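Visitor: Starting off with a structure, shown below.
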Amino acid sequence: MGSLPNISQPFLSDSGLSDAISSDYADVRIIERIPARGMPPSGVPFSVRVQVQTYKTGGPALFRTPFACLDAFVAVRGHGKYNNQILGGGFIRTDAFSNCRGSAMIQFDPVFRPGTDDYVQFELYPGGSTEWFSDQTTLQDVKDGKLEPIAISQHMRFSDDQKTLENAGIIQHEDQSNLFTMIQPAFADVRKTLLTVTALAAVGVTGYFLVLNSGAVRQVVKKAANR
């Protein structure tokens, strides 16, 4: 088992979180408690779903596209009863078309039950890659202490239900924006410009200037631009 990283964070007062982790490499947010309330059946692991957005591109893989989003690995470390135990973790593959976001379900060790004294912290690690010639980070790598975390969260607990955790800011809504929603306004501006140019071509540039004061021509151009 790896030793506790030399990074300290204060305990939460069950409020005041935005993203669980914010760093230059990536942001991590918790978006779902599974089950939404209470305990899972005996033998079934408690789980959370997390969303990661990375901010760096490229990577060490030989055939990795230079502009590809980097991936991440998120682990969960216990405190109190589960002090310094790595309780679970997961590789998160990000997607350029989702603004370098990706999500994964992290299953905790089946012995973990989210009680009122059972605090955990989330740890962000570089993910490696699923591509050729690059090792992908694994849970065992983290347990063996082979990697240092990039950033860690504050301590938190999951004894409350999902709605309460949402009200406390511990669980966040999933961000579903993507590349297309970002570039749509830009395409709208381009479309306006093209329609205006098309309208000008239809009446002829010379003719347009000759009848510039004609209300009919102005209406044609105005309607085309506003479509």
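Visitor: Which distance in nm do the two modelled labels at Thr116 and Ser159 give, with both placed 7 Å along the Cα-to-Cβ direction?
Guide: Reported label-point gap for Thr116 and Ser159 is 0.5 nm.
Visitor: Further, regarding this structure: May I ask you to evaluate 6.51 cos²θ - 1.76 cosθ + 1.60, the Karplus curve with θ = phi - 60°, for each residue of the stretch 85-96 and list the ³J(HN,Hα) values in order in whole Hz, giving x for glycine and proline?
Guide: 8, 7, 8, x, x, x, 7, 10, 8, 9, 10, 4
Visitor: If the cut-off is 12 Å between C-alpha atoms, which aspartates and glutamates fall inside it for Lys81, apart from same-chain ones fewer than 8 positions away?
Guide: Asp117, Asp118
Visitor: If amide H atoms are built 1.01 Å from N in the plane of the peptide, which residues on other chains or at least 5 residues away come under 5 Å of the amide H of Ile106?
Guide: Counting only residues 5 or more places away or on other chains, the set is Val48, Arg49, Val50.
Visitor: Using a probe of 1.4 angstrom, how much of the accessible area of the stretch 21-168 is carbon and sulfur, in percent? Could you put the intermediate results ahead of the total?
Guide: Working: 3420 of 6720 Å².
Carbon plus sulfur share of accessible area: 51 percent.
Visitor: I'd like the accessible area for Met39, computed on protein heavy atoms only with a 1.4 Å probe and all protein chains in place. Round to 10 Å², please.
Guide: 100 Å²
Visitor: Show which aspartates and glutamates lie in cross-link reach of Lys56 when reach means a straight Cα distance below 13 angstrom and same-chain residues fewer than eight apart are skipped.
Guide: In chain and number order, the partners are Asp24, Asp27, Asp71, Asp95.
Visitor: Okay, next question. With a Förster radius of 41 Å, plug the Cβ-Cβ distance of His173 and Glu148 into 1/(1 + (r/R0)^6) and report the FRET value to the nearest 0.05. List each step's numbers first, then the result.
Guide: Values: r = 31 Å, r/R0 = 0.75.
Efficiency at R0 = 41 Å is approximately 0.85.
Visitor: When ligands, DNA and RNA are left out and all protein chains stay put, how many square angstrom of accessible area per residue does the stretch 21-168 have with a 1.4 Å probe? Mind showing how you got there, number by number?
Guide: On the way: 6720 Å² over 148 residues.
Here the per-residue accessible area is 45 Å².
Visitor: Which log10 I(q)/I(0) values, to two decimals, does the stretch 21-168 give at q = 0.13, 0.17, 0.18, 0.19 Å⁻¹ under the Debye formula with one point per Cα?
Guide: Scattering profile of the stretch 21-168, log10 relative to I(0): -0.58, -0.94, -1.03, -1.13.
Visitor: Less than 20 Å from a label point 7 Å out along the Cα-to-Cβ axis of Thr57: which backbone N atoms in the stretch 88-103 qualify, by residue?
Guide: Answer for this model: 93-103.
The values are calculated or read from the model by the stated rules, or taken from the named source; none is laboratory data. Everything numeric in this text was worked out from a predicted model, so none of it was measured. For neighbour counting, all protein chains shown are included, and Cβ atoms are generated from backbone atoms with ideal geometry for every residue, glycine included. Please note that ligands, DNA and RNA were not included when accessible areas were found on the heavy atoms of the full protein model with its side chains. Shrake-Rupley method; radii C 1.70, N 1.55, O 1.52, S 1.80 Å.
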